[in-house]
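First up is the structure itself, then whatever we jot down about it.
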Amino acid sequence: MKELDRIAELYPRLMRSMSRLREVLPDEGDLTYNQYKTLLTVSDIGPCSLADLTGRLQVAASSASEMVERLAKAGLVRRNTAGGDRRAVAISPTTAGEQLLGRIRQGIVENYRKILEKLSPRDRARLARAVEDLVETISSVED
């Protein structure tokens, strides 16, 4: 279990380091990190209800609603009525929202490239495999 203790010890440092990468997101106007996360989630899961979004983001419905409202005002998401029920709303990204996410992703990839190019190709491949395994393991526990 030495490995688990080491991972637990390194986790806070890793999260602090990763948050620094977040700070160097391409300047895209007034988009906050929480708005980015909301837009990214809507893009990932496709048209969704506010309840779906709230569950995915693990935030209060009022917080999710506020984020959606800000993103809608910025033209980054749209709210469409779902089916015949006017109260049921499907939230989806607009073209402008998807384009913004594309630019941000490019900036993030460039930030990772600058950092990870310091590793040897072999170590980058090992890291990629380890991250893939971790994502797979966490995903299997969530399902």
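Side notes on the structure shown:
- The one condition in (1) surrounded by 14 or more Cβ atoms within 10 Å (Cβ to Cβ); (2) in contact (Cβ under 8 Å) with a residue 24 or more places away in the chain; (3) aliphatic (A, V, I, L, M) that Ala88 fails to fulfil: (1)
Each row is one residue, and each column tells you yes or no for (1) part of a helix (DSSP H, G or I); (2) more than 30 Å from Ala128 (Cα to Cα); (3) of a type in the set (D, E, K, R).
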site: Leu39; (1), (2), (3): yes, no, no
site: Asp44; (1), (2), (3): yes, no, yes
site: Ser63; (1), (2), (3): yes, yes, no
site: Asn80; (1), (2), (3): no, yes, no
site: Val89; (1), (2), (3): no, yes, no
site: Ser92; (1), (2), (3): no, yes, no
site: Glu110; (1), (2), (3): yes, no, yes
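- For the condition assigned to a helix (DSSP H, G or I), within 28 Å of Ser17 (Cβ to Cβ) and not β-branched (Val, Ile, Thr), Arg70 does not qualify.
- Residue that is out of contact with any Gly (no Cβ under 6 Å at 6 or more places or on another chain), without any contact (Cβ under 8 Å) to a residue 60 or more places away in the chain and within 30 Å of Ser17 (Cα to Cα), where the choices are Arg113, Arg78, Arg103: Arg113
- Any hit, the range 39-60, residues being of a type in the set (Lys, Arg), surrounded by fewer than 17 Cβ atoms within 10 Å (Cβ to Cβ) and within 13 Å of the chain's Cα centre (by Cα): yes
Since every read-out is calculated from the coordinates, none of them should be taken as a lab result. Here the structure is a predicted model, which is why all the values come from computation and not from measurement. Cβ sites come from the backbone with ideal geometry, for glycine too, and all protein chains shown count toward neighbours.
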